[in-house]
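Heads up, the thing below is written out as structure tokens.
Coordinate-derived values only; no laboratory data. The model shown is predicted, which means the values in this text are computed figures rather than measured ones. Backbone-built Cβ (ideal geometry, glycine too); neighbour counts: all protein chains shown.
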Amino acid sequence: MAEAVSRLVHIVDDVPELEDVEELTLVVALSGFLDAGHAGALAADHLQSLGDAPVVATFDVDVLYDYRARRPAITFSQDHYEAYDAPRLVVRLVRDSGGTPFLLLRGPEPDFRWEAFCLAVRDVVERFGVTRVVSMGAVPMAVPHTRPRAVTHHANDPELLTGASPWRSEIRVPTSVQALLELRLGEWGHAALGYTVHIPHYLAQMDYPVASISLLENLEIGGRMIVDLTGIRAKAAECDAEISTFLAEHAEVAEVVTALEQQYDTFQRAESTGASLLASDEPLPTADDLGRQFEQFLAGLDGPPEGDQIQE
């Protein structure tokens with residue numbers, strides 16, 4: 001390992017695989033606030049599974065992570081502790097399905113020192129000659145899973161955009177370190193863009209690989225990569241089948257989804273006429289209406305059923 005370029009990141013001194021690379025993409029997928037449905041994490045898992053993914057940079061997670069807010073897991077075996085699941089925030093060297101190398105930054109979103117973290121990522125970008133940074137994220141929205149998945153495109157240079165944003169006005173939203181990183185990289189003269197997929201709010205707490213496919217498809221375009229989606233498409237098909245089965249067995253939940261579909265279609269018609277996507281007075285189904293029952297249903301798929309009905 002080389003000496004720390006900054007106090008927060010340690011970077012491998014010699015990476016021969018990157019010596020003759022003219023264009024290099026850094027993919028950012030941090031778990032936490034901007035990862036509804038674990039869509040970004042699942043997409044990162046798929047990218048990392050494409051082949052060997054050695055670590056080329058390591059961040060000092062002890063300085064960035066709030067252990068009391070997000071307590072890591074540890075195994076208690078009869079009379080002792082073992083298998084501590086320590087949080088890691090690392091950059092890995094991966095090759096896409098066409099053999100082209102790229103970097104993957106993943107791990108928990110930092111709780112502290114965001115500005116210092118952005119400077120540390122800048123060190124990684126400049127050390128390895130990264131030509132573009134592409135982030136992946138997901139947010140819960142009042143959208144039904146039966147409609148096409150919307151994706152918000154964003155970039156620190158309009159020329160980097162690969163699609164139109166669904167938003168037609170300025171809005172104020174809680175930020176993430178990925179958003180701040182994109183902003184700061186632009187100020188430092190580095191290209192950065194990203195994709196944020198909209199997740200049905202009643203599925204936001206569960207694995208939703210269907211949305212991961214949208215992220216990876218856009219990543220192929222914005223990151224100039226080739227990604228074999230076969231494995232994750234199979235997981236998405238299983239997820240869709242599980243949701244369909246649940247709705248077929250629970251008419252009251254299906255009715256709520258139908259109402260959400262109608263509202264979504266109303267939003268789409270409003271958008272086509274230039275009106276706001278958000279209804280001002282119409283009530284939206286809440287996570288209490290759907291999420292709890294979906295979560296219990298999907299969580300029970302790994303074990304034998306305990307009864308005919310899912311209890312709240």
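Values as computed for the structure displayed
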read-out	value
Inter-label distance, nm, simple model (7 Å from Cα along the C-beta direction), Ala69/Glu217	3.4 nm
18 Å tail of the calculated P(r), segment 84-170, as % of Cα pairs	63 percent
Relative exposure of Val15, Val9, Val139, judged by other C-beta atoms within 10 Å (fewest first)	Val15, Val139, Val9
Proxy reagent accessibility, fewest Cβ within 10 Å first, across Asp60, Asp52	Asp52, Asp60
Long-range Cα-Cα pairs in segment 155-238 (distance over 20 Å), rounded percent	47 percent
Sorted by Cβ density within 10 Å, fewest first, the residues Trp114, Trp167	Trp167, Trp114
Karplus-derived 3J(HN,Hα), 6.51/-1.76/1.60, for each residue of segment 196-207, Hz, glycine and proline x	10, 8, 8, 9, x, 5, 7, 10, 5, 9, 10, 5
Added length on full extension, which subtracts the Cα-Cα distance from 0.36 nm per residue, Glu242 to Ala86	53.0 nm
Segment 9-230: Rg to Rh, with Rh as the Kirkwood radius over Cα pairs	0.96
Extended-chain gain in nm, criterion 0.36 nm per residue less alpha-carbon gap, Asp52 and Ser169	37.8 nm
Considering only segment 9-230, percent of DSSP beta bridges that pair antiparallel, nearest 5	50 percent
Order by protection proxy (mean Cβ within 10 Å, highest first), peptides 69-75, 19-25	19-25, 69-75
Gain on full stretching of the segment that runs from Asp62 to Asp228 - 0.36 nm per residue minus C-alpha separation	56.3 nm
